[in-house]
4 protein chains.
Amino acid sequence: MKPDAPRSDVERVIETIEKLGYKPHELPGENRTAIGITGNPGAIDPAHFENMPGVADAIRVTKPYKLISKDLRPEKSIVKVGTAEIGGGELAIIAGPCAIENREQVFSVAKAVADSGAKFFRGGAFKPRTSPYAFQGMGEDGLKILADVRDEYDLSIVTEAMDERGVDLVEKYGDCIQIGARNMQNFSLLKYVGQTRKPVLLKRGLSATLDELLLAAEYIMAEGNYDVILCERGIRTFAAHARNTLDLSIVPAIHNVSHLPVIVDPSHGTGRNYMVNPMARAGVAVGADGLIIEVHSNPEQALCDGAQALTPVQYLALVQEVKAIHKALSPVVNNFESASVV
Amino acid sequence: MKPDAPRSDVERVIETIEKLGYKPHELPGENRTAIGITGNPGAIDPAHFENMPGVADAIRVTKPYKLISKDLRPEKSIVKVGTAEIGGGELAIIAGPCAIENREQVFSVAKAVADSGAKFFRGGAFKPRTSPYAFQGMGEDGLKILADVRDEYDLSIVTEAMDERGVDLVEKYGDCIQIGARNMQNFSLLKYVGQTRKPVLLKRGLSATLDELLLAAEYIMAEGNYDVILCERGIRTFAAHARNTLDLSIVPAIHNVSHLPVIVDPSHGTGRNYMVNPMARAGVAVGADGLIIEVHSNPEQALCDGAQALTPVQYLALVQEVKAIHKALSPVVNNFESASVV
Amino acid sequence: MKPDAPRSDVERVIETIEKLGYKPHELPGENRTAIGITGNPGAIDPAHFENMPGVADAIRVTKPYKLISKDLRPEKSIVKVGTAEIGGGELAIIAGPCAIENREQVFSVAKAVADSGAKFFRGGAFKPRTSPYAFQGMGEDGLKILADVRDEYDLSIVTEAMDERGVDLVEKYGDCIQIGARNMQNFSLLKYVGQTRKPVLLKRGLSATLDELLLAAEYIMAEGNYDVILCERGIRTFAAHARNTLDLSIVPAIHNVSHLPVIVDPSHGTGRNYMVNPMARAGVAVGADGLIIEVHSNPEQALCDGAQALTPVQYLALVQEVKAIHKALSPVVNNFESASVV
Amino acid sequence: MKPDAPRSDVERVIETIEKLGYKPHELPGENRTAIGITGNPGAIDPAHFENMPGVADAIRVTKPYKLISKDLRPEKSIVKVGTAEIGGGELAIIAGPCAIENREQVFSVAKAVADSGAKFFRGGAFKPRTSPYAFQGMGEDGLKILADVRDEYDLSIVTEAMDERGVDLVEKYGDCIQIGARNMQNFSLLKYVGQTRKPVLLKRGLSATLDELLLAAEYIMAEGNYDVILCERGIRTFAAHARNTLDLSIVPAIHNVSHLPVIVDPSHGTGRNYMVNPMARAGVAVGADGLIIEVHSNPEQALCDGAQALTPVQYLALVQEVKAIHKALSPVVNNFESASVV
C-alpha cells in the first residue's frame, strides 16, 4: 500500500482478497503496510490489485515462502514480547535456568538476570527429554512460579510448550511461546500456535536447513500470528568438541531474505560452560538481535543441562562483554537495510 | 519369570511392583515372560523379587533404556499388525502411495500390492509437508478409502498420524499408527500413542542417534504399548547424490541391543526412483525385518514425492529380487539370536 | 569410433587431437573404441572429427568429468589387477589384515584368504595414522612379504601408497596402488599415480561428494591411467553407532554415471566387527563389484583397527553368505546396462 | 625447567633424553622453558628427570597429543611469520586473492591490503582444484610475484604448498607454508614441512575433528618445527545456505587445550561474499588470533572462488569493524590464561 493510503483503502484490498477466496495477511511497517496473500492455488494476476486505490505495487513472490520474506516486508520486524521488544536496536537478552526446579532456585537466578539489565526470563516447565525416565518438568506449577517472577522483577517470560495443552497454559501464564528444536517441524503444533496471539520463539531443528526453518515460521504466520522470532541453537554434525555446532552464518542468511528477528542460543549451541561466553560474543558480533542464555545458581546440581549453565557471576561477565561488542558495532548492525546489502 | 511359572505368580510380581509405587510391564516371550519395571527413581534392590515364587532372575538394566532391551527380553518381538505380522521369519512388505489422492489411484496401486503377495498397504491421509502451501492430505476421507482397501484386498493398513486427533482417527480406520521422522521426538505424541492399543511404526528422525531412536520407542512402551516397529528412512548428511543417506548399519546395531523389529524405507531413504530397488535389496541383505516402499500408478503426477515412487511394474521387479535375497539368506537372518553374536 | 574402424583410423584421430594441442585418451570397449579429449580450454567444434573416416559419433560431454563418464564409454570397465579382474561378472573379494605386522601373521591370514576362493590380498605397509606416535607400518619390508604372499598363493596384491616414494615401491612389489580416503584429494599424488601403469584403488574421502570422488578419478585418468576402481568406505556423519556411515547408495549412483567399477569396504565403513558381515551382504546386494575386508588371525592383538577385523572363521562365513546373495542376484546385477536404467 | 635454570642444565636434560633414545623438543616460553619428549614407546619414569639440576617438574602427558598441549607449555605460543607475529596481542590479518593470476591483479590487491594496516599477504600459486581441468595456479612464477609484493609492501607472504616440490619453493620465496584442508591428513607432507624451518599455517580438514586437527599439528611438531598456526575454515555439514559451516566453537576449544594460535577463514568458511564480514566479526569476537580473507580487485572475473572474494572497499570496511571489536574485547581475549578458565 502507498504510505498515505487511508484505512479504507487497506480494508478494500483485504475484502477483495477474501472475496477471491484467499487469505489476506496485513503486515504494517514503519512507512507502509504490506498485505500478503496466501491460500491461492497458483499465481494471481497482479492486475486484480494494482489499479485499486492506495495500492503502490503488486509483487509476485516466487520463493517457497511469502510472509517471512523481505520481498513482502522490506523493513525489519520488531516483535513485542511482554513489556519489551526483540528486533529493534537494543540487544535482547533472555536468561534463566534450563528447567524450573523450585521457587528458590528460580528467584535467585531471576534476581541476577534482572540486575544484569536483561528484560527477558527463560525457564522450562515442560521439558522435552530424550529419555522418558528423565525429569519432565514441573508443568503448570512451574508456570505459576514464572508468572510470579514477572510480577516481581518485570521480566518478560519466555517458556516452552510441547503440545496444545501446553500452549494454552503458556498463553495464560507467559509472554512468549517457545517451540523447541525437536518440534520445529511438528506442523500441527505450528498451526496451533499460529492461532494464538502470543509471540513465538521458534528454535531451529537439529538438522533443519534455512528453508525448512523459514517455512516453519511461515506455517505459524500463515495462520495469522506474525510475531515470530527465530533462534539458532546449534546443528548436529560430526564435530564432537561441542554438543552441537552453532551455525552462526545462518544469522546473516536469515537477515538476507527475511524481516524476522533472529537470536542465538550459545548454551544449547555448545553444551559446554566455557564456550558459552565466547560464542555469545560471536553471536552478537555476527548481528543477532539477541541471546538466550542458561543461568543456574548451582550448575552442578541442575536437574537438566548443568554442563552448559553459567553461574550468575559468569553470566554477568558475559553481559558486560556482549554489550561492549554491541556498542562497538552499533553503527553497523543496527542498520538492517544496509547490513543485508554489504 | 520361570518358563513354568503359573499365572498367579506373574500376577503376584505385578502387584508387588505396583505396591512399591512403580509401573510393571509384562512382556510375554516364547519361552518365558519378562516383567519390566519403570517409574522407579533409582535402583531397586533385586532382593525384593528374586525369592518370590516363579521368579527366575532379577536383572538390573543399567542402559538408558529398559523395555526395548534384549537384557529384558532376549527373544525377538513379533508385532501383530492387522491380520499379519512383522518381526517373524517372513519378510514384511508395506507398499502404497505416498499420499492418498483419490479412490481410483489408491485402488489401482492396492491391486498391484496385493498381487505382489505383500500383506501391508501404506498411504498418507495426513502429510507433514515442509511448506504450509503444499498438499496437506485428504484427512478422514483418505482414511475411509484406506479402510475400504483393507476390506477389498485383505491388506493391513499402515498410515501416519501427526497429532492426537490424527491418532484417534488412525486407531479407528487403520491397523498401524505411523509416527513420522519429524515427530520422532514429539514426546507428547509418543506418550499419546503409548496409550493406544494399535501397533506403532516409529520412523527414525533425520538426525537421530541410535540411542535417541531407542529412547523414543521407550517413551511409547513406558506407557504400556509394546507393539513398536522401528524404521530406518535415511539421515541427513552432506551427501547430495541421494535425498537422504540410508544408514543401513543401524539395522544390525538395533538387533544387537533390542528385541524390536526394524524395517527399511528405501523410498524416503534415497528419494531417487533408480536407487529404490538396489537399496531395498541391501536392506533385506543387511537383515531388516521388512521394507516400506512407495508405489504410484503415475509417479510423474503424484501430489507428493513422485521422484521416488516406483511404478507398479518396477515394484513387482523389486519384490522378486528382494524375495530371492531373503530366501538365499534365510538360514542366516532368521536366526536372530545367533545373528547378534556374529 | 565405428566398431569396424581399422587401427589406422583410430590413429589418425589421435594424431589430429594431438595436432590441435589437446590430449587424446583411447578407451577400448567390447564393441567399439572411444577416444576422449582433454586439455581443451573450451568447447571443440565436433565438425573437426565427425567426418573423419572410422568416426561413428562426436559427442560433447557437458558434465564436469569426461573420462569416467558413461557418455564417453557406455560399457562397464573391467580392470585387470595382477592375474584377476574387477568389474566383470565375478564378485571380487579383497581380504587381508589392516597392517602388515610380520611374516607369520600375514601368511596365516593369506592362507585363509586363498582357501576362501578370493583372488586378492590386502595389507598396509604404509599406514596413515591419526597420531604421529602410532605404528606407521613396516615400509618396504612389509611390501616384500606381500610379494612373497603373491608368489605362494597366487593372490593379487592391493596395498596403499601415501606419497611418491611409496607409489614407486608399490609399483615394484604390488599389483594395485591403493589411495586412501585421506589422500583422495591429494591432487599431486593423484597425478603421480596417473602416470604409473598399475591399477589404482581410489577410496572415497570421509566427506567427499559423488562429484568430488569422480573428479579425483578423473585426475588419475587425465594423466593416462584408465585402470581405476572406486571404493566406498564410509562417510563422516553425526551417527555414532558405527565408526563411519557406509553410504551404499553411492554404488548405484556411480553405476548411473560412470563405467568404473566400485567396491565396498564394510570394515572401515563400520569399524565394528559384528556389522562387517551384514554390511558386506548389503554391499553385494546393492550391486557393488567387490568387497574389501579386514581379516586378522588375532584381532585383539592387531596393531591397527582390531575392533573391525574378522577372524578367519568369521571371514569364511561372510564369503559364503555374500556368494549366496551374488548368485541369487546374478541375473540382475551382472547386467550393468539395464541396471542403470531401472 | 626452572625459570632461572642455566643453559647448561637445559642441555644436560636434552642430552639425557637423547641418550635414552628419545627425541627432545625444546619449547622456550616467556618465564620458563619446557622440554617435550617423543619417540618413547611407553610411559617414562619421571624419576629420570625430576632430580636433575634446573628441572622444575616432570609431567606425564596422558592425552594423545603432547607438543601442542598446554600441559607441556601453559603460555600461548607467538609465531613469528616474516617480519610480523601471530598469537600475540595484536589481531593478525592475512589478506589477498585466492589465486595469483598476474602481476597487475596482485599488486592492486596488495596495495589495498598494505593500506589497511594488515601485515600479511596471501595468494595461491599452487591451487588444489576439485577438477583436473580447472586453473591449477601459476606455480613458481606466481611465487616470484609474491616475493616482489613482500619487497614492495613489507607484507609477510603466506602461500600454499601441495607437495614436497611446492614446499621447497614456498620455503625459498614465501614466509609461511600453508597446508590446505584437503592435505590436513597428508601425513607424508606434514612430516616434510615438519623438517623445514618456516612457520606452517595448517587448515582444518572439511571433516576433521578437534583431535585430528591437533594431531596433524603434532605430526609437524614431532619433526621439530614448532611454529604452527591452526586455521578454522569451515566444515562440511548438511547446511546449504553457506558453502561450508564455519565452526567457531573450535577456537575456544583449541585455546582450552593448546598453546598454538588459531585464526579464522570466513571466506572459505562461508563461500558467500555477504557473509564474510559478519563471520569475520564473529571470528574476532570468539577470540581468534587472526583472520585470513580473500580480496580481489574484480571478484566477478576471478579465476577461482570469486563468489566469496571481497572487493577492496568491502575489505576495508571489514578491517574497521573487526578492529572495533578487537579493541572492545582487548581486556578479555588478550588474556589467554584467564580466557581458558572462564
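Quick one: in the range B:320-332, which of the residues that are modelled with pLDDT under 90 and more than 8 Å from chain C (Cβ to nearest Cβ) is surrounded by the most Cβ atoms within 10 Å (Cβ to Cβ)?
Pass one, the range B:320-332, residues modelled with pLDDT under 90: B:330-332.
Those still in the list that are more than 8 Å from chain C (Cβ to nearest Cβ) too: B:330-331.
On the way: B:S330: 13, B:P331: 11.
Among residues in the range B:320-332 that are modelled with pLDDT under 90 and more than 8 Å from chain C (Cβ to nearest Cβ), the one surrounded by the most Cβ atoms within 10 Å (Cβ to Cβ) is B:S330.
Can you find even one residue in the range C:79-88 that is touching a residue at least 24 places away in the same chain (Cβ under 8 Å), more than 19 Å from the chain's Cα centre (by Cα) and over 30 Å from C:E300 (Cα atoms)?
No: zero hits.
Please verify whether D:A317 is within 9 Å of chain A (Cβ to nearest Cβ), out of contact with any Asp or Glu (no Cβ under 8 Å at 6 or more places or on another chain), surrounded by fewer than 24 Cβ atoms within 10 Å (Cβ to Cβ) and under 30 Å from A:S267 (Cβ atoms), treating the condition exactly as stated.
No: the conditions fail for D:A317.
For A:L91, are the conditions met, namely being within 14 Å of another protein chain (Cβ to nearest Cβ), in contact (Cβ under 8 Å) with a residue 40 or more places away in the chain, touching a Lys or Arg at 6+ places or on another chain (Cβ under 8 Å) and over 23 Å from A:M184 (Cα atoms)?
Yes; evaluated as a whole, the condition is true for this residue.
Results for (1) in contact with a Gly (Cβ under 6 Å, 6 or more places away or on another chain); (2) crowded, with 21+ Cβ neighbours inside 10 Å, shown as yes or no for each residue.
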{"site": "A:A147", "(1), (2)": "no, no"}
{"site": "A:E160", "(1), (2)": "yes, yes"}
{"site": "A:G180", "(1), (2)": "no, yes"}
{"site": "A:S207", "(1), (2)": "no, yes"}
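Could you tell me whether D:E300 is outside any loop (DSSP other than H, G, I, E, B), modelled with pLDDT under 95, of a type outside the set (G, A, S) and out of contact with any Phe, Trp or Tyr (no Cβ under 7 Å at 6 or more places or on another chain)?
So D:E300 fits the description; yes.
Only one residue in A:G139, A:G194, A:G180 is in the same structural domain as A:L260 (by TED's automatic domain parsing) and either under 22 Å from A:D265 (Cα atoms) or without any contact (Cβ under 8 Å) to a residue 12 or more places away in the chain (or both), so which one is that?
Details: A:G139 fails: either under 22 Å from A:D265 (Cα atoms) or without any contact (Cβ under 8 Å) to a residue 12 or more places away in the chain (or both); A:G194 fails: either under 22 Å from A:D265 (Cα atoms) or without any contact (Cβ under 8 Å) to a residue 12 or more places away in the chain (or both).
Criteria check complete, one pass: A:G180.
Do the conditions hold for B:A253, that is, is it at pLDDT 95 or above, more than 16 Å from the chain's Cα centre (by Cα) and either in a loop (DSSP other than H, G, I, E, B) or within 9 Å of chain C (Cβ to nearest Cβ) (or both)?
Taking the combined requirement at face value, the residue does not satisfy it.
What do you reckon, is C:Q185 crowded, with 22+ Cβ neighbours inside 10 Å, part of a loop (DSSP other than H, G, I, E, B) and in contact with a Ser or Thr (Cβ under 8 Å, 6 or more places away or on another chain)?
Details: crowded, with 22+ Cβ neighbours inside 10 Å: yes; part of a loop (DSSP other than H, G, I, E, B): yes; in contact with a Ser or Thr (Cβ under 8 Å, 6 or more places away or on another chain): yes.
Criteria met by C:Q185.
Could you list, in sequence order, all residues of the range A:128-149 that are among the charged types (D, E, K, R) and modelled with pLDDT under 95?
A:R129
Can you name every residue in the range B:218-237 that is among the acidic types (D, E), assigned to a loop (DSSP other than H, G, I, E, B) and either within 12 Å of another protein chain (Cβ to nearest Cβ) or on the phi > 0 side of the Ramachandran plot (or both)? Quick ask: steps written out before the conclusion?
Within the range B:218-237, the first condition is being among the acidic types (D, E), and the residues that meet it are B:218, B:223, B:227, B:232.
Those left that are additionally assigned to a loop (DSSP other than H, G, I, E, B): B:223, B:227.
Correct list: B:E223 only.
Taking the range B:117-143 only, how many residues are part of a loop (DSSP other than H, G, I, E, B), more than 13 Å from every other protein chain (Cβ to nearest Cβ) and not hydrophobic (A, V, I, L, M, F, W, C)?
3
Within the range D:74-81, does at least one residue satisfy the condition of being touching a Cys at 6+ places or on another chain (Cβ under 9 Å), modelled with pLDDT of 90 or more and not in a loop (DSSP other than H, G, I, E, B)?
yes
Anything in the range C:255-269 that is more than 17 Å from C:V61 (Cα to Cα) and touching a strand residue (DSSP E or B) at 6+ places or on another chain (Cβ under 6 Å)? List them, or say none.
Those that are more than 17 Å from C:V61 (Cα to Cα) and touching a strand residue (DSSP E or B) at 6+ places or on another chain (Cβ under 6 Å): C:P261, C:V262, C:I263, C:V264, C:D265, C:S267.
Considering only the range D:34-48, state which residues are surrounded by fewer than 17 Cβ atoms within 10 Å (Cβ to Cβ) and either in contact (Cβ under 8 Å) with a residue 24 or more places away in the chain or part of a loop (DSSP other than H, G, I, E, B) (or both).
Listed by number, the residues that qualify are D:G39, D:N40, D:P41, D:G42, D:A43, D:I44, D:D45, D:P46, D:H48.
Which condition does D:Y274 not pass, out of (1) within 22 Å of the chain's Cα centre (by Cα); (2) among the aromatic types (F, W, Y); (3) at pLDDT 95 or above, if it passes all the others?
Condition (1) is where D:Y274 drops out.
Which of the residues spanning the range A:165-175 are of a type outside the set (V, I, T), in contact (Cβ under 8 Å) with a residue 12 or more places away in the chain and surrounded by fewer than 24 Cβ atoms within 10 Å (Cβ to Cβ)?
The answer is A:G166, A:L169, A:E171, A:K172, A:Y173, A:D175.
From (1) under 22 Å from B:V79 (Cβ atoms); (2) surrounded by fewer than 17 Cβ atoms within 10 Å (Cβ to Cβ); (3) within 14 Å of another protein chain (Cβ to nearest Cβ), pick out the condition that doesn't hold for B:D154.
(3) is the only condition that B:D154 fails.
Evaluate the following for B:E294: is it in contact with a helix residue (DSSP H, G or I) (Cβ under 8 Å, 6 or more places away or on another chain), in the same structural domain as B:L201 (by TED's automatic domain parsing) and under 25 Å from B:K80 (Cβ atoms)?
Taking the combined requirement at face value, the residue satisfies it.
In the range C:94-116, what residues are in a helix (DSSP H, G or I) and in contact (Cβ under 8 Å) with a residue 24 or more places away in the chain?
The answer is C:R103, C:Q105, C:V106, C:F107, C:S108, C:V109, C:A110, C:K111, C:A112, C:V113, C:A114, C:D115.
Give me the residue from the range D:262-283 that is over 27 Å from D:K80 (Cβ atoms) and not in a helix (DSSP H, G or I) and, out of that set, farthest from the other protein chains (Cβ to nearest Cβ).
Out of the qualifying residues, it is D:G271.
When residues of the range C:228-267 are filtered for being surrounded by fewer than 24 Cβ atoms within 10 Å (Cβ to Cβ) and touching a residue at least 60 places away in the same chain (Cβ under 8 Å), how many remain?
Matching residues across the range C:228-267 total 3.
The values are calculated or read from the model by the stated rules, or taken from the named source; none is laboratory data. Quick caveat: nothing in here was measured; it's all calculated off a predicted structure. Neighbour counts run over all protein chains shown; Cβ positions are idealised from the backbone, glycine included.
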